1. What are the residues in the stretch 171-207 that are open to solvent by 30 Å² or more (accessible area, probe 1.4 Å), at pLDDT 80 or above and either within 17 Å of Arg254 (Cα to Cα) or among the hydrophobic types (A, V, I, L, M, F, W, C) (or both), if any?
2. Restricting attention to the stretch 302-328, which residues are surrounded by 18 or more Cβ atoms within 10 Å (Cβ to Cβ), part of a loop (DSSP other than H, G, I, E, B), modelled with pLDDT under 75 and not aliphatic (A, V, I, L, M)?
3. Considering Ala507, Ala521, Ala470, Ala497, which residue is within 21 Å of Asp331 (Cα to Cα) and either crowded, with 19+ Cβ neighbours inside 10 Å or among the aliphatic types (A, V, I, L, M) (or both)?
4. Which pairs have Cβ atoms under 7 Å, sit 6 or more apart or on different chains, and link a residue in the stretch 753-770 that is over 17 Å from Glu740 (Cβ atoms) and part of a helix (DSSP H, G or I) to one that is open to solvent by 20 Å² or more (accessible area, probe 1.4 Å) and of a type in the set (Lys, Arg)?
5. Taking the stretch 848-870, which residues are open to solvent by 100 Å² or more (accessible area, probe 1.4 Å) and at pLDDT below 80?
6. Report yes if Ala590 is among the hydrophobic types (A, V, I, L, M, F, W, C) and open to solvent by 40 Å² or more (accessible area, probe 1.4 Å), otherwise no.
7. Hey, could you check the stretch 395-449 for residues that are assigned to a loop (DSSP other than H, G, I, E, B) and of a type in the set (A, V, I, L, M) and say which is surrounded by the fewest Cβ atoms within 10 Å (Cβ to Cβ)?
8. Quick check on my filter: what residues within the stretch 14-59 are of a type in the set (D, E, K, R), touching a residue at least 12 places away in the same chain (Cβ under 8 Å) and touching a strand residue (DSSP E or B) at 6+ places or on another chain (Cβ under 8 Å)?
Amino acid sequence: MKRLRIFAASPSDLTTERTHIERAAAMLKPLADYLDIMLDVADWSAVVPDMGRPEQLILDQLDPTEWDVFIGILWHRFGTPPGDQNAETRKEYLAGTEEEFKTAYRLWKQYGKPRIMIYRCTRSIPPDALDPDQFKRVKEFFAEFEAVKGEHPGLYQSFETTEAFDNLLLDNLQKLLLQYSEQLKGEPVSPEVVQAFAPRVPDNLPRRASFFGREKEMEIAMRALSPEDRTWGALVDGIGGIGKSALAIEAAYRCKANGLFEAFVFVSAKQNILDPNGIRELKPAARTLDEFLNETARVLGQIRIAKLASADKRRALLDALRSTRTLLIYDNLETLTKEEQESVADFLRELPTGCKALITSRRRGGEGAVWLRLEKLDWEGAREIIAEEATKDAALAQKLHGATEARWHELYDETKGSPLALVHVLGLMRVRASLNFDAALDMLRGNRNPDLQKFIFQEARRELTTNDEAALRALSYFAPSATFEAWTQTSNLSRNALETTIDRLSALSLVDILTGEERYALHPLTRNFVRDELLADINSEYDFGTLFTDYWVEYAMRYGGTSENYKTFNLLEAELANLNAAEEWLWQKAAVHDDEIEDEDAAESLNRLGIALCSATGPLFFMGRWDESLQLSIRVYSAMSALNNWKEAGGCAYEASWINHSRGDIDETARWAARYSEAMARAGNEYEQAMSTRMQGLIAERSKDYDKAERLYQELLSVVRQLKFDLDVALVLNDLGRLEYERKHYDKAERYYRESLTLAEKGDDKNAQAVLMARLGRVALDRESLAEARGLFERALRLAREIARQDAIAAALHGLARAHEAEGHPDLALPLAQESLAIRKQLKHPSLIETNEFVERLKKKVEGQEHPAGE
């Protein structure tokens, strides 16, 4: 692999941003690995202590002539003089960062390297931190960039927040990586590859909204979340609408800006939906510790944890958290029983070092955490909310400016210091022309409903048009937000009509517009009111539910299918929460009981969803969502069996059998294979009946009955050869090759694999090619043809990453790691084996134990290299 060395420089006021350079490199590692490039980030902290001028020690140990990229960041400090002068100008360096930059600049002028990337932070400077002399030097430094004849004319980029710097740096480094690869290989990287390896971090935080006041409470929360605090985090309690969730989300974003955590997980207990029998929770609802753990695991990409027994699940999730500094936000725990709340607190007390949690509830609880009670919003915060809302609408501003600040305080008193209630009342004033300031106060003073939020919603409802109500009903189904296109179709409104109603709903503060994303969401309390009051009618609930699921079924069919459509699987991953919500609604409506079904239309839609998402070469399997694929396959099988649609039922039984086979569960594989065979016999489908022979062969192979497996595979091979189905021929040849490999008949195995690969390449089947390359690599490895094996595994890994098939990526990584180990490079093998292990843990792969033992063996070898015996 080619090494791309990055040197990071900044004064002490930007330590956080400097550490984020290494984080960005880690996020780009999958793409870099695919391009055979190793990103190596270093700064002064990598220097071994020694005697001498500190800056000279840095430059001696981190040789500037080896830098490929120099990244410099400045804000308001320039740094301290390093005690040397510029060899060209004979001027004393004013800072170590300046000496590092000037050294890099001199090398760039002579040799065209390193690439110099400079960033300027423009956020406000705390008055007590501002040193005028230091800031003057920063401004003079950047002035030399902007002047055409300056000492170092060039281009730099500015940012305000750490989050903005992260995004800017990640984009720039990715572009640099792609340029470097193109220079090395002489061809650009395809957009599909870039999309497949787009960096992702576990982060499902709701969008950041304006936040006012609560500085004292925020200070307590941030102190509880700091590494120095010995608690597991903070519990925020208070009445509904008082701003608990808002404070928790704002605290999370501040932690992100300060680089305190690497992953952010948000789970709310409020996930319910209306069915004909009333309000019910939307599965998987976070009502128990188990369900909170399941959702946490999902966000972290550890789906397999959800299927473990409770005790094992808890240990497995804690183990997964040890490798990533994670902030958990568990919202609205008041809906849990007292016992479940205590169970959550027990779990949080065991969080690994570096992880913290913020939980919100309407009642106190949570031993081991800092307790923070939110009372009414302070007046200053409320005044800022009123002032901001006034800037959004001239008519509202006129109503507010006609009242004194003392009258504003009356409005604050009547909304009982609830930020949400205050915003909603201002929304009503904005929309209802007759509701002036005095009328708004009279309305609030005349309220007899103890639930202030519900009272305000009912007042707002009087302003809603038929289109407004339709839009709200539709939006309440989305989990957690909708695109404009999806909302248009599920509300059954024209684009113009929805644009108009969005303006009205936004003015009423009933809809959140997610800035920069063109996505729309409801506040949890508003969602509950909509479902309770606007979807109380059974027919209305069914009509909008059908519109919602019709949209997502069609979406899944458009972007899903088989491996041929792998380039659009990422679009399904992005909307998986909504697809899961559609599946759940259809399953509840189909209501399969004892081979009877209540709603055939819902069952048929569920089947179409299964066709789009579930197959051995389909989206859920490729993305490593094996649990979701298994659940959907089983549900569709039940529904189709009840309808006597045995062809479709059989297809789902095959998928269930395939996933269980992939996990090494022989009993479940056999059970579902029998159902598949029975269904296809009932359907009278001769081809599918023949293909059931393959599943029987796989079971025999798993059971090590190799003679039976070979006979079954050869029978099927004869059938598919006669039918001239080349890809099926390739599939069975692959099975025969794997069988002969298990028998250690390597020559026969290679012949089968090569013949299968020829057909796969002829049919441009990248999925099959990735699998076959890895299997040929195993043959070469066992023959000790190490260079050949490494090349095959590298090709397999590139193909597997391109199509984003997780189990194939894991297999190629494992094989490549074995090749490096055999060549005497356990240090190169270890990170590859660890990545393979992480994927196989998620999949519950049958090779999990073997891979774990492999990783432990490599760790010992690497440790032995670092600390040879006798030292």
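1. Result: Leu178, Leu184, Val189, Asp203, Asn204, Pro206.
2. Passing the criteria: only Gln302.
3. Matching residue, one of Ala507, Ala521, Ala470, Ala497: Ala521.
4. Close Cβ pairs (under 7 Å, with a partner that is open to solvent by 20 Å² or more (accessible area, probe 1.4 Å) and of a type in the set (Lys, Arg)) amount to Asn767/Arg805; Ala770/Arg805.
5. Glu866, His867, Ala869
6. Considered against the rule, which asks whether it is among the hydrophobic types (A, V, I, L, M, F, W, C) and open to solvent by 40 Å² or more (accessible area, probe 1.4 Å), Ala590 comes out as no.
7. This residue is Ala433.
8. Within the stretch 14-59, Glu17, Arg18, Glu22, Asp36, Asp40, Asp43 meet the criteria.
The values are calculated or read from the model by the stated rules, or taken from the named source; none is laboratory data. Only a predicted model underlies this, so the values are computations on that prediction, with no experimental measurement involved. Cβ coordinates were reconstructed from backbone atoms using ideal geometry, including for glycine residues, and neighbour counts include every protein chain displayed. Ligands, DNA and RNA are stripped out before the accessible areas are found, and what is left, the full protein with its side chains, is counted by its heavy atoms. Shrake-Rupley method; radii C 1.70, N 1.55, O 1.52, S 1.80 Å.
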